[in-house]
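Report on the structure given below.
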Amino acid sequence: MKNNNVTIHDISKALEIDSSTVSRALNNSPRVSQKTKDKILSKAQELGYQRNSLASKLRTNKTHSIGVIVPRISRHFFSSVIAGIEETAFEAGYDVIICQSLDDFEREKKLMDTLLSNRVDGVLISVSMQTTSYDHFKEYQKQGFPILFFDRPCILENTTNVIIDDYKISFEATEHLIREGYQNIVHFSGPQHSQLYQNRTNGYKDALENNQIPIREQYIFESYLMKEDGIAMAQKILQLPEVDAVFSSNDTSAISAMQYLKEKGIRIPEDIAFVGFSNEPVSAVIEPSLTTVKQPDFEMGKVSASLLFEQINCKPSQRIHQTKILEPELIIRNSSKKTS
């Protein structure tokens, strides 16, 4: 049985070797011969010595841990990003503390304070839908604390973002509906103070203009894109004339809207077609299967973590700030294929 109270000094006393030599041996210092290292490690194991990792971390001013803040772990996209982060962190010898803001601004601010008080070496964050001010990040940046933003870009100076080209893929998704013969396309938008949802809305608008289809503001519904928002937006659709398609900024609201409309006798895609965003697992198995945007989620996690470790391991003045853009893919399924 291991004794957590065994110290370097106990090993030193048992072997009659100077404690500084014992410490160097336990840290695999080249200044200690392999024969002496083996002797010390064997005695440490025999006595049940366990390294006091906290004390070691305090001495080096590094905890070898990072914080991750996501809006919702339940979303498949974010859980896959986290998997990529954790794999990269494990390979680099880092622990990961995972938090969720639940898309709440005040909660996000508190989580940042909590992670910093726990002395994490850096933070990866996808900001909440309610985040309209970035002041709570500015102070940490002044202190040289590395923060990297993923999925939802941050417009602060001297920041690193890992994102997809939301504008381009939204343009492509809307053009897909137009090519299928749909003309009266509703857009489920997220909050327009968010750069991400601005980009998706602009992609939708420019695809319409590019095909000489008028932009009708009453066809753009802004919400937090939750399940209940999808139902509310489906009810609005029934009050509008001639709607024949929907491009939604996420799958959650698209699927709940589809289910509501089907209950009201609307045929999909014959009456109204749908394109979602995020490729949630359920999107492939619902009836009809949902055309959606597949994001490189696992890759985003790996790239984000790798860039954060680069920033952690260099001085603030040497950090290279950049926006890394990854490529998404439109997955065409039955919800948007117009039948003759």
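For the range 187-289, the Cβ-based charge dipole about the Cα centre amounts to some 80 debye (Lys, Arg positive; Asp, Glu negative; other atoms uncharged).
Within the range 162-256, all pairs of alpha-carbon atoms sorted by distance into 5 Å bins from zero give the percentages 3, 15, 26, 26, 21, 8, 1, 0.
Between Arg72, Arg179, Arg31, the GNM of the chain built on Cα springs shorter than 10 angstrom shows Arg31 fluctuating the most. For Lys35, the lysines whose Cα comes closer than 26 Å to its Cα, not counting residues fewer than 8 places off in the same chain, are Lys2, Lys13, Lys43.
Between Ala284, Phe171, Pro241, the Cα set farthest toward the positive side of the dipole of the chain (charges on each charged residue's Cβ, about the Cα centre) is that of Ala284.
The amide H of Ser289, built 1.01 Å from its N in the peptide plane, has Asn334, Ser335 as neighbours under 5 Å, considering only residues 5 or more places off or on other chains.
Its DSSP H runs of at least 4 residues, each contributing -39,500 (n - 2.57), put the calculated 222 nm mean residue ellipticity of the chain at -13500 deg cm²/dmol, to the nearest 500. Just report the Cα centroid separation between the range 118-161 and the range 166-241, whole Å. Rounded to whole Å, the Cα centres lie 29 Å apart. In a reduced charge model with +1 at each Lys and Arg Cβ and -1 at each Asp and Glu Cβ, the chain shows a dipole moment near 1560 debye about its Cα centre. Using a 1.4 Å probe on the protein chains only, how many percent of the accessible area of the range 226-305 belongs to carbon and sulfur? Here carbon and sulfur together make up 52 percent of the probe-accessible area. Mean silhouette area of the chain, derived from the convex hull of its C-alpha atoms and averaged over all directions, reads 21.9 nm².
Among Leu238, Leu26, Leu196, the largest mean-square fluctuation in a Gaussian network model of the chain, built with springs joining Cα atoms closer than 10 Å, belongs to Leu26.
Along the range 168-178 the Karplus relation, 6.51 cos²θ - 1.76 cosθ + 1.60 evaluated at θ = phi - 60°, assigns HN-Hα couplings of 4, 6, 6, 4, 5, 5, 5, 5, 4, 5, 5 Hz to successive residues, with x for each Gly and Pro. Tell me, what is the FRET efficiency for Ile231 and Asp206 to the nearest 0.05, using R0 = 30 angstrom and their Cβ-Cβ distance as r? The computed FRET efficiency comes out at 0.55.
At 37 °C and 0.692 mPa s, grab the translational diffusion coefficient of the range 268-340 from Stokes-Einstein with a Kirkwood Rh over Cα pairs, rounded to a whole number in µm² per second.
Values: Rh = 14.8 Å.
Reported coefficient: 221 µm²/s.
The loop-placed trypsin sites (Lys or Arg not before Pro) in the range 222-298, going by DSSP, that have at most 14 neighbouring Cβ atoms within 10 Å of their Cβ come out as Lys264, Arg267. Taking θ as phi - 60° and the Karplus parameters 6.51, -1.76 and 1.60, the scalar couplings of the range 108-118 work out to 4, 4, 5, 5, 4, 4, 5, 5, 5, 5, 8 Hz in sequence order, x denoting glycine and proline.
Largest GNM mean-square fluctuation among Phe90, Phe221, Phe247, using the chain with Cα springs under 10 Å: Phe90.
For the range 247-302, with only Lys/Arg (+1) and Asp/Glu (-1) charged at the beta-carbon, what is the dipole magnitude about the Cα centre, in debye rounded to 20?
40 debye
Computed over protein heavy atoms with a 1.4 Å probe, the accessible surface of the range 154-205 works out to 34 Å² per residue.
The values are calculated or read from the model by the stated rules, or taken from the named source; none is laboratory data. Values in this document were obtained by computation on a predicted structure and should not be read as measured data. In this analysis, Cβ positions are derived from the backbone assuming ideal geometry, glycine residues included, and neighbour counts consider all displayed protein chains. The protein model used for the area step is the full one, side chains on, heavy atoms only, and it has no ligands, DNA or RNA in it. Shrake-Rupley method; radii C 1.70, N 1.55, O 1.52, S 1.80 Å.
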